[in-house]
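The next block holds one structure in the form of structure tokens; read it before the comments.
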Amino acid sequence: MHKPVLLQEVIKYLEPKPNENFIDATFGLGGHSLEILKYIKPYGKILALEWDPYLVAIDKKRLMKNKNIILKNENFKNIKKVVKEENFTQIKGVIFDLGISNWHYKKSQRGFSFQKDEFLDMRINPFEIKITAFEIVNYFSKEKLIEILEKYGEEKYANKIADEIIRRRRIKKIETSKELAELILNVVPRKKKIHPATKTFMALRTYINNELENLEIGLKSAYDVLEKGGRIVIITFQGLEDKVVKKVFRELKNKGAKLLTKNVVRPPKKEILENPSARSAKLRAILKNGKEEK
């Protein structure tokens, strides 16, 4: 079982208590939710949203007997719609654990990882999203490729990478994650531990799945469905996500919300050693209409 990131910190800031209701906006394999459940028994419920239909199918088998989790195959941008449909009320907290799960990198076979040799798909929900990474890489103009790499990946070598993509695809279509990663290795200097393809892969995935736009909608909607005194805890893994969170939290603070994390909370060294994927995690938390700050 993959260990969820910043688990103790999530519990600390969410403060779950017996019989309270929570929303897990990014259920994945349920690591955070299963921990929250320990605190909200016997009657507390979790409304769990997971956008990937294949992950939902896996979760349904695992959680069949768990009556405290209501699992829905939905994007968190539709949080209000799901809350209304399920008549889910008295919501004390919402947890967002952004990015994609380890399962996506290791088992989905959709080309999310540059360490694998898989078809360039990168859709989190292949039934809702029509465009794949293959189509972007092979058919988008140089200008559009540069725009995506710069806007969604903050890639300073965007021009070089786009040039190489255009050159290669004239000879042969770029079909797999391995081909794309090797192409980038040819034109981007290797620095430190971070693989040169990291930003390109992040940019493509973020663009295809509309992640930053959905995050802004989802975060504001989550705040709206919270009870007064309810909390949002959010974990980001890249700078662009964190920018969106800071922007939305600033707006909510202006409406009377209280920031629970003055500075961003990061995983302790011990956790990073045990779980290297936690190294870039940042946690922020906010309280709905808490006491006015002095």
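Taking a point 7 Å out from the Cα of Lys12 in the direction of its Cβ, the residues of segment 234-274 whose backbone N falls within less than 15 Å of it are 234-235, 260-272.
Annotation note: trypsin sites (Lys or Arg not before Pro) in segment 184-283 located in DSSP loop regions with a Cβ neighbour count of at most 10 within 10 Å are Arg190, Lys191, Lys192, Lys193, Lys228, Lys255, Lys262.
Among Trp103, Trp51, a tally of other beta-carbon atoms within 10 Å of each Cβ gives an order, fewest to most, of Trp103, Trp51. Extension gain, Lys191-Glu216: 0.36 nm per intervening residue step, less the Cα-Cα distance, totals 5.8 nm.
The angle between the Cα long axis of helix 158-171 and the longest principal axis of the Cα atoms of the chain comes to about 60 degrees, rounded to the nearest 10.
Of the listed pairs Lys17/Lys72; Lys199/Lys282; Lys193/Lys247; Lys80/Lys270; Lys3/Lys282; Lys38/Lys65, which have alpha-carbon separations greater than 26 Å here?
Details: Lys17/Lys72 23 Å; Lys199/Lys282 18 Å; Lys193/Lys247 30 Å; Lys80/Lys270 37 Å; Lys3/Lys282 16 Å; Lys38/Lys65 15 Å.
Long pairs (Cα-Cα over 26 Å): Lys193/Lys247; Lys80/Lys270.
Quick check on segment 14-131: take the gyration tensor over C-alpha atoms, sort the square-rooted eigenvalues as a ≥ b ≥ c, and tell me if it's rounded (a/c under 1.5), prolate or oblate. Prolate shape, in that a/c is at least 1.5 and a/b is the bigger ratio.
Here the residues Phe27, Phe201, Phe88, ranked from fewest to most Cβ neighbours within 10 Å of their Cβ, fall in the order Phe88, Phe201, Phe27. Shape analysis of segment 105-222 yields a ratio of the Cα radius of gyration to the Kirkwood radius, Rg/Rh, of 0.97.
What pairs from Lys45/Lys246; Lys92/Lys255; Lys151/Lys288; Lys81/Lys262 go past 27 Å between their alpha carbons?
On the way: Lys45/Lys246 29 Å; Lys92/Lys255 18 Å; Lys151/Lys288 31 Å; Lys81/Lys262 31 Å.
Over 27 Å Cα-Cα: Lys45/Lys246; Lys151/Lys288; Lys81/Lys262.
For a paramagnetic label modelled on Arg266 (point 7 Å from Cα along Cα→Cβ), amide N atoms under 16 Å away belong, within segment 1-34, to 6. Each of Lys41 and Lys84 was given a label point 7 Å from its Cα along the Cα-to-Cβ line. The distance between the two points is 3.6 nm.
Give the value in nm², to one decimal: projected area of the alpha carbon convex hull of the chain, averaged over all directions.
Details: hull surface 63.5 nm².
The number I arrive at for the chain is 15.9 nm².
Report the semi-axes of the equivalent ellipsoid for segment 212-273 in whole Å, largest first, where each axis is √(5λ) for an eigenvalue λ of the Cα gyration tensor. Working shown, then result.
On the way: eigenvalues 97, 43, 24 Å².
Whole-Å semi-axes of the equivalent ellipsoid: 22, 15, 11.
The DSSP beta bridges internal to the chain are antiparallel in roughly 40% of cases. Between rounded, prolate and oblate, where does segment 134-194 land on the alpha carbon gyration tensor, with a ≥ b ≥ c its root eigenvalues, rounded for a/c under 1.5, else prolate if a/b exceeds b/c? Oblate shape, in that a/c is at least 1.5 and b/c is the bigger or equal ratio. Test of understanding: extend the Cα→C-beta vector of Ser141 to 7 Å, then name every residue of segment 206-239 with backbone N under 20 Å from that spot. Inside the label zone: 207-208.
Every number here is computed from the coordinates shown, using simple stated rules; none is lab data. Everything quoted here is computed from the prediction, not taken from an experiment. As a convention, Cβ positions derive from the backbone with ideal geometry for all residues, glycine included, and neighbour counts pool all protein chains shown.
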